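*Asks:* After the C-alpha cells below, expect a handful of questions from me.
Every read-out reported here was derived from the displayed coordinates using simple, explicitly stated rules and does not represent laboratory data. What you see is a predicted model, and the numbers here were worked out from it, not measured in a lab. Note: ideal-geometry Cβ built from the backbone for every residue, glycine included; neighbour counts use all protein chains shown.
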Amino acid sequence: MNTSETAFLERAVVQLLFVSGREFSLESLREKLRELFVREADATVRAAASVGGFELLQVLLKTSQKLEKMGLRLDIRAGSVRITTAEVRPPALRDYFAAITDQFKSDASDAASDGDHEEGPLSAAGLEVLACIAFKQPLSLPEINGYFTADRRAVVHRLQHLGLVDCRKSGETGRTVWMTTGEFLRRFNLQSAADLERLWQASGEAKAA
C-alpha cells in the first residue's frame, strides 16, 4: 500500500473500532473493511477492502503507537483488536472512567437479567430505547441519552447485537446516527417504516383523546 492508502486505512480502522465499540478478530475486521469499501470508486479507499492479514496487523501496530500519544491504544491480543484507553494517570480522570464503566456494566447486567435474548423478550430498558429510536430515528447516542436519566450506550449496543438497530453516518451532518433495521420490522411484524409512522400518529391521536 502507498502512503495515502495506508493513511486512509489507519483512519478507517480507528473510526470503525471507536464508533462500533466492538472487539473484532483480525479476519472479521478485514471482512468489514471489504464490505464497506469494495465498491468505492476512489482507488485509495478501495485499497482498504483488499488489505492482507499481515499488512493489516502492521498498520494496527503502527496506529497504536500513534494513538498512545493521545491517551488511546489498540489492544491487540489473541488475534483480536479493540480500541481502549492507554494508562490513565490523573486520579480524578481514573475515578471518572471507573464510574462510567460501572454504569455500563450495570446497564448490560440489567439487560441480560431481563432476558434480552435473540428471540426472547426484550428488557424494559431495551424496549424503551428501541421505541425511542424507532419513532424518532435517526438519532445520535447523545440524542438518545437525552431522553433518559442514565447513559444508554450499553443498551443501544445490545440492540445492535440483536440486529434490531444499526448505525451509519448522516449525510447531512456527518454524525453517527442509529436507526432500526429490517430485523426490527420482521420481529415486530411490520411491513415498512411507514407502518411506524402510522403507529406514531395513532399514538398521538389516542393521547389527544
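*Asks:* If you stretched the chain out fully between SER28 and GLN65, how much longer would it get, using 0.36 nm times the residue separation minus the C-alpha to C-alpha distance?
*Replies:* Taking SER28 through GLN65 to full extension adds about 11.1 nm, to one decimal.
*Asks:* Using all alpha carbons of segment 1-91, what is the percent of pairwise distances in each 10 Å bin, ordered from the shortest bin to the longest?
*Replies:* Over segment 1-91, the share of Cα pairs per 10 Å bin runs 17, 52, 26, 5, 1 percent.
*Asks:* Apply 1/(1 + (r/R0)^6) to the Cβ-Cβ distance of ARG39 and ARG82, taking R0 = 22 Å, and write down the FRET efficiency to the nearest 0.05.
*Replies:* It comes to 0.25.
*Asks:* Where does each of 128-136, 163-171 land if you order them by average Cβ count within 10 Å, highest first?
*Replies:* Descending packing order for the listed peptides: 128-136, 163-171.
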